[in-house]
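Enquirer: Have a look at the structure that comes next, please.
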Amino acid sequence: KKIIETKDIKKTYRMGAEEVQALKSVSIEVNKGEYVAFMGPSGSGKSTLMNIIGCLDTPTSGIYILNGKDVSDMSENELAEIRNKEIGFVFQTFNLLPRASCLENVALPLIYAGYGKAEREEKAFQALKNVGLGDRVNHKPNELSGGQRQRVAIARALVNDPSIILADEPTGNLDSKTSYDIMELFHELHQKGNTIIMVTHEDDIAHYAHRIVRLRDGLVESDTVNPNPTRGK
Ligand code: ADP
Ligand code: ADP
């Protein structure tokens, strides 16, 4: 089942009199349960494509169908709603609220989704348990290691049961041992049927994915199956 389909997506940024064609024409399909890495040099359009796929931005032209819905021309409010329902974001910089506990951080998306307090706490606790942090619910982010912070962010991404996990350089701020632990967790999430798209510039991190899409100058340069993805321990 197709979860993402982009057809001839173009994105042009206007800077005064100048135009930058960040995406020249990108057509890709991702099926439910796939694990894809986006690679490519700086400026090749990775963030632009991730922002469009994540409904943070819309293409200048072309069609984007997310989970059966055409989201190409949606308003800001409609996109926000789709985003909250369909997408779990994981960022390089974790983006946790420093004054809030792990439980509160993870429960945050559930407030927008309209759940009551007891249900939010139960779901957030389950999500934290699922990433191995069931004993850290009342800790604040600054009381955790980098890897643990990223686990909290992953729990927050998963708590709404999104259609897709979008991870932008998820290991970019982690040492290599911790990076592999996080990739181990992604491997488990993929085994459980989650759809994962991550951006990375590190070959050994991309090698955990089952498919590697390379961008260059706003175009897909290659799109290949990884015949032998790195496996969990
Ligand atoms: P990557 O993530 O692969 O580094 P980006 O998608 O960030 O690439 O950028 C692609 C191109 O679009 C670059 O030339 C970049 O300078 C340009 N670009 C990205 N965002 C903006 C923006 N908000 N305004 C103007 N130009 C942008
Ligand atoms: P970078 O790829 O430069 O490290 P980030 O991963 O922090 O940037 O963010 C990628 C994109 O997602 C940016 O366009 C940013 O505006 C947006 N973004 C960052 N944090 C959030 C958030 N918590 N919710 C929604 N969008 C966000």
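The values are calculated or read from the model by the stated rules, or taken from the named source; none is laboratory data. These numbers come from a predicted model, not from an experiment. Neighbour counts are summed over all protein chains in view; Cβ atoms, including those assigned to glycine, are modelled from backbone coordinates with ideal geometry.
Enquirer: Every residue in the range 61-95 that is aliphatic (A, V, I, L, M), in contact with a Cys (Cβ under 8 Å, 6 or more places away or on another chain) and touching a residue at least 40 places away in the same chain (Cβ under 8 Å), please.
Expert: Selection gives Leu66, Ile87.
Enquirer: Condition check: modelled with pLDDT of 95 or more, touching a Pro at 6+ places or on another chain (Cβ under 9 Å) and closer than 19 Å to Met183 by Cα. Does Gln148 satisfy that?
Expert: Against the criterion (modelled with pLDDT of 95 or more, touching a Pro at 6+ places or on another chain (Cβ under 9 Å) and closer than 19 Å to Met183 by Cα), Gln148 qualifies.
Enquirer: Okay, next question. What do you reckon, is Ile4 at pLDDT 95 or above and away from ligand 1 (no atom under 12 Å from the Cβ)?
Expert: So Ile4 passes the test.
Enquirer: While we're looking at this one, here's another question. Out of everything in the range 91-101 that is of a type in the set (A, V, I, L, M, F, W, C) and at pLDDT below 95, what residue ends up being farthest from ligand 1 (Cβ to nearest atom)?
Expert: Phe94
Enquirer: For the range 49-64, name all the residues that are within 12 Å of ligand 1 (Cβ to nearest atom), surrounded by fewer than 22 Cβ atoms within 10 Å (Cβ to Cβ) and under 25 Å from Asn226 (Cβ atoms).
Expert: Once the filter is applied, which keeps residues that are within 12 Å of ligand 1 (Cβ to nearest atom), surrounded by fewer than 22 Cβ atoms within 10 Å (Cβ to Cβ) and under 25 Å from Asn226 (Cβ atoms), the range 49-64 yields Met50, Asn51.
Enquirer: Can you tell which of Ile205, Ile182, Ile165 is without any contact (Cβ under 8 Å) to a residue 40 or more places away in the chain and either of a type in the set (S, T, N, Q) or under 20 Å from Gly146 (Cα atoms) (or both)? Quick ask: steps written out before the conclusion?
Expert: Numbers: Ile205 fails: without any contact (Cβ under 8 Å) to a residue 40 or more places away in the chain; Ile165 fails: without any contact (Cβ under 8 Å) to a residue 40 or more places away in the chain.
None of the other options fit; the residue is Ile182.
Enquirer: If I go through the range 188-213 residue by residue, how many of them are more than 23 Å from Ile4 (Cα to Cα) and in a helix (DSSP H, G or I)?
Expert: In the first step, residues of the range 188-213 are kept if they are more than 23 Å from Ile4 (Cα to Cα); the result is 202-204.
From what's left, in a helix (DSSP H, G or I): 203-204.
Matching residues across the range 188-213 total 2.
Enquirer: Now for a different question. So, restricting to helices (runs of 4 or more DSSP H) that lie completely within the range 1-116, which ones have at least 3 residues that are more than 15 Å from ligand 2 (Cβ to nearest atom) and more than 24 Å from Lys129 (Cβ to Cβ)?
Expert: none
Enquirer: When the residues of the range 143-187 are filtered to those that are under 22 Å from Lys1 (Cα atoms) and among the polar types (S, T, N, Q), which remaining residue is nearest to ligand 1 (Cβ to nearest atom)?
Expert: The residue in question is Ser163.
Enquirer: Here is a further query. Would you mind stating whether Thr12 is surrounded by 14 or more Cβ atoms within 10 Å (Cβ to Cβ), within 12 Å of ligand 1 (Cβ to nearest atom) and not small (Gly, Ala, Ser)?
Expert: yes
Enquirer: Considering only residues of the range 70-103 that are more than 12 Å from the chain's Cα centre (by Cα) and closer than 19 Å to Val26 by Cβ, which is surrounded by the most Cβ atoms within 10 Å (Cβ to Cβ)? So that I can check it myself, show each step before the final result.
Expert: Restricting attention to the range 70-103, the residues satisfying the condition of being more than 12 Å from the chain's Cα centre (by Cα) are 70-82, 84-85, 93, 95-103.
Narrowing the set further to residues that are closer than 19 Å to Val26 by Cβ leaves 70-74, 79.
On the way: Asp70: 11, Val71: 20, Ser72: 17, Asp73: 10, Met74: 17, Leu79: 16.
The residue in question is Val71.
Each row is one residue, and each column tells you yes or no for (1) surrounded by 15 or more Cβ atoms within 10 Å (Cβ to Cβ); (2) among the aromatic types (Phe, Trp, Tyr); (3) modelled with pLDDT of 95 or more; (4) over 16 Å from Ser222 (Cα atoms).
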{"residue": "Ser25", "(1), (2), (3), (4)": "yes, no, yes, no"}
{"residue": "Ile28", "(1), (2), (3), (4)": "yes, no, yes, no"}
{"residue": "Asn31", "(1), (2), (3), (4)": "no, no, yes, yes"}
{"residue": "Glu34", "(1), (2), (3), (4)": "yes, no, yes, yes"}
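Enquirer: Among the residues of the range 163-172, is there at least one that is outside any strand (DSSP E or B), under 16 Å from the mean Cα position of the chain (by Cα) and of a type in the set (D, E, K, R)?
Expert: yes
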